[in-house]
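Student: Before I ask anything, here is the structure I am working with.
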Amino acid sequence: MKDHILLITDEFREQSEDMDDQDLTALYAVVSELPGVGFFNSGPIAGASQLHRHLQAVPLDTFTALSHNKGISPPMDELMHKYRDELLLSGRASRIKELSFKHALFMLPISPTPTSLLKAFKHMLKVADCDEEDCEFNLVMTSKWMFLVPRAQHIASTLHSGDLGINSLAFTGCLLVREGPTDREATTDSLPIPSQILEAVTFPI
């Protein structure tokens, strides 16, 4: 992917270790400055391909090329925005009725502190039923919200396009497939609708 940013710790840390306030603060700083979308795959089931702790981000204008409506925000942003006022007022993470799989959404205030980011993240784990040690998850962050999804499996199998590895970016509303002369190409007609793919790799509510 063009303009893909990796945030890597100086000293070795396992990708599967608990996220801390430094991880969350660094990711928030990057997505606010770009601006962009940050994400974290907590283990192989969630789409992580490296053992070393790494967080990732892409600039918002990347979504101009990926979005069907040519917007400059992730496609899922419109759905999240519907709940902004309600969740900001409550100050809590919540599930939203449009999604049939376990998840948690938290609306970020302006300039959250490291402590408040960590508190919100831990609350999201509970809301999403992902507070057990072996729970793998995807976390997506913008300057306005965080979205967490526990993962049941890494692969979504499709009839005509084979197995698709799903990571955090799928939960922004973008399903990315590799292109090239030797890679399997997936067309819209050969794929299930995106919600079916997400449901295949997550836990039902």
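The values are calculated or read from the model by the stated rules, or taken from the named source; none is laboratory data. Because the structure is predicted, anything quoted here is derived from the model rather than measured. Heads up, the Cβs are rebuilt from the backbone with ideal geometry, glycines too, and the neighbour counts pull from every protein chain shown. Ligands, DNA and RNA are stripped out before the accessible areas are found, and what is left, the full protein with its side chains, is counted by its heavy atoms. Shrake-Rupley method; radii C 1.70, N 1.55, O 1.52, S 1.80 Å.
Student: If a residue has to be in contact (Cβ under 8 Å) with a residue 60 or more places away in the chain and aliphatic (A, V, I, L, M) to count, how many in region 122-173 make the cut?
Tutor: So the answer is 6.
Student: Pairs, please: C-beta under 8 Å, at least 6 apart or cross-chain, first residue within 19 Å of Lys122 (Cα to Cα) and in region 1-30, second in a helix (DSSP H, G or I) and of a type in the set (S, T, N, Q)?
Tutor: The qualifying pairs are Asp21/Thr115.
Student: Among Ser94, Ser100, Ser42, Ser111, which is the only one that is in contact (Cβ under 8 Å) with a residue 12 or more places away in the chain, open to solvent by 30 Å² or more (accessible area, probe 1.4 Å) and farther than 13 Å from Met146 by Cβ?
Tutor: Step by step, each of Ser94, Ser100, Ser42, Ser111 is checked, and only Ser100 is in contact (Cβ under 8 Å) with a residue 12 or more places away in the chain, open to solvent by 30 Å² or more (accessible area, probe 1.4 Å) and farther than 13 Å from Met146 by Cβ.
Student: Out of all the residues in region 76-99, which are among the polar types (S, T, N, Q) and at pLDDT 95 or above?
Tutor: Of everything in region 76-99, just one residue is among the polar types (S, T, N, Q) and at pLDDT 95 or above, namely Ser94.
Student: Let me ask you something else. Considering only residues that are touching a helix residue (DSSP H, G or I) at 6+ places or on another chain (Cβ under 7 Å) and in a loop (DSSP other than H, G, I, E, B), look in region 131-143 and name the one that is nearest to Gly173 (Cα to Cα).
Tutor: Among residues in region 131-143 that are touching a helix residue (DSSP H, G or I) at 6+ places or on another chain (Cβ under 7 Å) and in a loop (DSSP other than H, G, I, E, B), the one nearest to Gly173 (Cα to Cα) is Thr142.
Student: Modelled with pLDDT under 90, in contact with a helix residue (DSSP H, G or I) (Cβ under 9 Å, 6 or more places away or on another chain) and assigned to a loop (DSSP other than H, G, I, E, B): does that describe Ser49?
Tutor: Taking the combined requirement at face value, the residue does not satisfy it.
Student: Regarding region 1-9, can at least one residue be identified that is acidic (Asp, Glu) and farther than 24 Å from Gly165 by Cβ?
Tutor: No - not one qualifying residue is present in region 1-9.
Student: Scanning for something closer than 22 Å to Ser195 by Cα, under 15 Å from the mean Cα position of the chain (by Cα) and not in a helix (DSSP H, G or I), does region 114-130 turn up at least one residue?
Tutor: The answer is yes; a qualifying residue exists.
Student: It is to be established whether one or more residues within region 64-78 are open to solvent by 30 Å² or more (accessible area, probe 1.4 Å), of a type outside the set (D, E, K, R) and over 19 Å from Leu169 (Cα atoms).
Tutor: No, there is no match, as no residue in region 64-78 is open to solvent by 30 Å² or more (accessible area, probe 1.4 Å), of a type outside the set (D, E, K, R) and over 19 Å from Leu169 (Cα atoms).
Student: With respect to the numbered conditions (1) open to solvent by less than 30 Å² (accessible area, probe 1.4 Å); (2) at pLDDT below 95; (3) under 21 Å from Pro75 (Cβ atoms); (4) out of contact with any helix residue (DSSP H, G or I) (no Cβ under 8 Å at 6 or more places or on another chain), which one is the sole condition not fulfilled by Phe171?
Tutor: (4)
Student: So which residues in region 8-36 are open to solvent by less than 50 Å² (accessible area, probe 1.4 Å) and modelled with pLDDT under 95, if there are any at all?
Tutor: Listed by number, the residues that qualify are Thr9, Arg13, Gln15, Gly36.
Student: May I ask you to verify whether Asp129 is open to solvent by 50 Å² or more (accessible area, probe 1.4 Å) and modelled with pLDDT of 95 or more?
Tutor: It is true that Asp129 is open to solvent by 50 Å² or more (accessible area, probe 1.4 Å) and modelled with pLDDT of 95 or more.
For (1) modelled with pLDDT under 90; (2) open to solvent by 90 Å² or more (accessible area, probe 1.4 Å); (3) among the β-branched types (Val, Ile, Thr), each residue gets a yes or a no:
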position: Gln153; (1), (2), (3): no, no, no
position: Ala156; (1), (2), (3): yes, no, no
position: Ser161; (1), (2), (3): yes, no, no
position: Leu164; (1), (2), (3): yes, no, no
position: Leu175; (1), (2), (3): yes, no, no
position: Ala186; (1), (2), (3): yes, no, no
position: Val201; (1), (2), (3): no, no, yes
